[in-house]
Amino acid sequence: MDRIEITGGERLAGTIQIGGAKNAALKMMVAALLGDERLVLHNVPRLADVATMRKLIEQLGLTVEALAPHTLSIGGAITSVVAPYDIVSQMRASILVLGPLLARQGEAKVSLPGGCAIGTRPVDFHLKGLEQMGAVIELEAGYIAATAPRGLQGAEILLPFPSVGATEHLMMTATLARGTTVIANAAMEPEIADQALCLNAMGARISGAGTSRIVIEGVGRLGGATHTVLPDRIEAGTYACAAAITGGDILLGGAKAVHLKALLQVLSEAGAECSEEAGGVRVRARGKLQGVDVKTEPYPGFATDMQAQLMAVMCVADGASMLTENVFENRFMHVPELSRMGARIVVHGASAIVRGVRELSGAPVMATDLRASSSLILAALAAKGKSVVSRVYHLDRGYEAVERKLSACGARIARVKE
Ligand code: EPZ
């Protein structure tokens with residue numbers, strides 16, 4: 001297993017080009033199952049999760065061709081309706097093939113994903129929504145077996161919580177259902193609006209994506225399209241935190257300030273300068289940052305996917321901060337590892353109280369999930385001495401070329417292959 005070695009203490013300065021959004025690209029690859037012509041996606045990040053999704057849709061019969069390093073062409077006929085446990089257990093987003101397979105083939109069998117490092121993460125909203133659209137669902141031997149004996153029809157779906165995955169899943173599926181589907185209390189993440197743009201380019205009729213009420217008029221078929229994936233706001237946010245924690249100055253090339261509002265507001269409150277510039281978003285730390293209190297919420301609130309990284313920054317800010325996790329119940333796995341580097345953090349239920357220390361010290365630490373990994377990388381960049389972050393396969397799920405991007409800004413970072 002690879003590890004990353006970092007000698008901390010360098011002030012980072014320069015430009016980091018932000019890649020395409022993982023969490024949008026994965027869902028668009030699934031959307032290719034809905035069309036009967038090829039879908040060409042530009043700005044697809046080169047990540048372990050994208051490779052896993054490629055494996056899954058190839059297993060279902062599609063062909064995936066890399067036309068360029070960040071361009072995929074996806075198409076072909078569906079030849080299997082089974083998403084097996086070994087793939088779904090590696091990547092939960094695999095569950096999203098259920099509805100599209102059902103819409104195209106009338107049946108699907110997808111492994112239940114099970115729990116994961118950040119919580120139990122049920123899929124009940126997904127299944128309930130599909131049932132409202134006419135799916136008959138049974139659970140057998142760890143698999144979700146779904147059929148649509150009378151086809152899928154539009155429905156009025158009220159989500160109990162604005163789940164990103166359930167919104168995307170039901171929105172995609174509804175494109176091929178008879179009649180109109182309304183998703184109320186829908187998630188409003190920018191990736192959902194981008195997915196709707198991609199689906200509409202394929203011939204779908206979706207309006208309201210990016211708001212809490214999405215209306216989908218079902219159509220008889222979807223074709224192909226060419227779409228460019230939006231920039232990854234979590235990758236951008238992570239490097240914004242790298243500028244903040246190292247007292248640095250980084251231009252996040254291609255990032256969109258409008259998607260980063262909640263984070264930029266928090267970093268500004270903490271004392272960093274954040275500005276929108278022609279080429280992207282610039283984050284400059286001036287002097288010592290101040291502790292801030294933050295709670296995670298669905299978009300446009302502060303993203304749960306940025307909580308671990310902000311915590312690393314708060315570990316060396318002046319005063320205390322309280323970070324409250326409202327989206328997932330078990331997303332503080334980075335706390336014991338940050339503590340090994342000298343951070344002072346106590347967790348009370350869903351809140352972590354961080355008392356800023358003057359300096360962190362380098363240590364061997366272990367990544368437990370994707371964003372926890374990036375939080376440890378950030379802490380290591382600021383820490384005195386050398387840190388070794390192991391289990392970086394988590395990091396490779398969501399960050400492309402992290403060592404190259406950070407070392408170009410002056411970080412002393414290297415991957416050690418095993
Ligand atoms: C997506 O996960 C992202 N993953 C996550 O990013 C992200 O943290 C999350 O949205 C929230 O923003 C992808 O897009 C692939 P949810 P998702 O459904 O869709 C509960 C990363 O680091 N819930 O919005 O699975 C659920 O347990 C990853 O890139 C149900 O109870 O998240 C959670 O508490 C990690 N029943 C809350 O809703 C359901 O059927 C929000 O989850 C569905 C969700």
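The values are calculated or read from the model by the stated rules, or taken from the named source; none is laboratory data. Values in this document were obtained by computation on a predicted structure and should not be read as measured data. Every residue, glycine as well, gets a Cβ built from its backbone with ideal geometry; the counts of neighbours run over all protein chains shown. When the accessible area is computed, the model is the full protein with side chains, heavy atoms only, and any ligands, DNA or RNA have been set aside. Shrake-Rupley method; radii C 1.70, N 1.55, O 1.52, S 1.80 Å.
Numbers at a glance
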{"item": "Selection count, the stretch 341-379, where residues are in contact (Cβ under 8 Å) with a residue 40 or more places away in the chain and polar (S, T, N, Q)", "result": "3"}
{"item": "Lone unmet requirement of (1) open to solvent by 30 Å² or more (accessible area, probe 1.4 Å); (2) at pLDDT 95 or above; (3) over 22 Å from Ile250 (Cβ atoms) for Thr368", "result": "(2)"}
{"item": "Thr52 open to solvent by less than 70 Å² (accessible area, probe 1.4 Å) and either of a type in the set (Ser, Thr, Tyr) or assigned to a helix (DSSP H, G or I) (or both)", "result": "yes"}
{"item": "Candidates Ala308, Ala312, Ala262 - the one that is farther than 22 Å from Ala117 by Cβ, small (Gly, Ala, Ser), part of a helix (DSSP H, G or I) and within 16 Å of the ligand (Cβ to nearest atom)", "result": "Ala262"}
{"item": "Residue count for the stretch 240-288, restricted to those that are over 19 Å from Glu191 (Cα atoms), buried (at least 17 other Cβ atoms within 10 Å of the Cβ) and within 23 Å of the chain's Cα centre (by Cα)", "result": "13"}
{"item": "Which listed residue, of Arg213, Arg233, is within 14 Å of the ligand (Cβ to nearest atom), modelled with pLDDT of 95 or more and basic (Lys, Arg)", "result": "Arg233"}
{"item": "Residue satisfying all of: in the stretch 321-345; open to solvent by 60 Å² or more (accessible area, probe 1.4 Å) and either touching a Cys at 6+ places or on another chain (Cβ under 6 Å) or of a type in the set (A, V, I, L, M) (or both); nearest to the ligand (Cβ to nearest atom) among these", "result": "Met333"}
{"item": "Subset of the stretch 143-158 that is open to solvent by less than 20 Å² (accessible area, probe 1.4 Å) and within 24 Å of Met202 (Cβ to Cβ) - its residue that is nearest to the ligand (Cβ to nearest atom)", "result": "Ile157"}
{"item": "Answer from Leu26, Leu39, Leu98 - the residue that is away from the ligand (no atom under 16 Å from the Cβ), among the hydrophobic types (A, V, I, L, M, F, W, C) and crowded, with 24+ Cβ neighbours inside 10 Å", "result": "Leu39"}
{"item": "Filter result (within 13 Å of Val219 (Cβ to Cβ) and not in a strand (DSSP E or B)) within the stretch 172-200", "result": "Met172, Thr173, Ala174, Thr175, Leu176, Ala177, Gly179, Leu199, Asn200"}
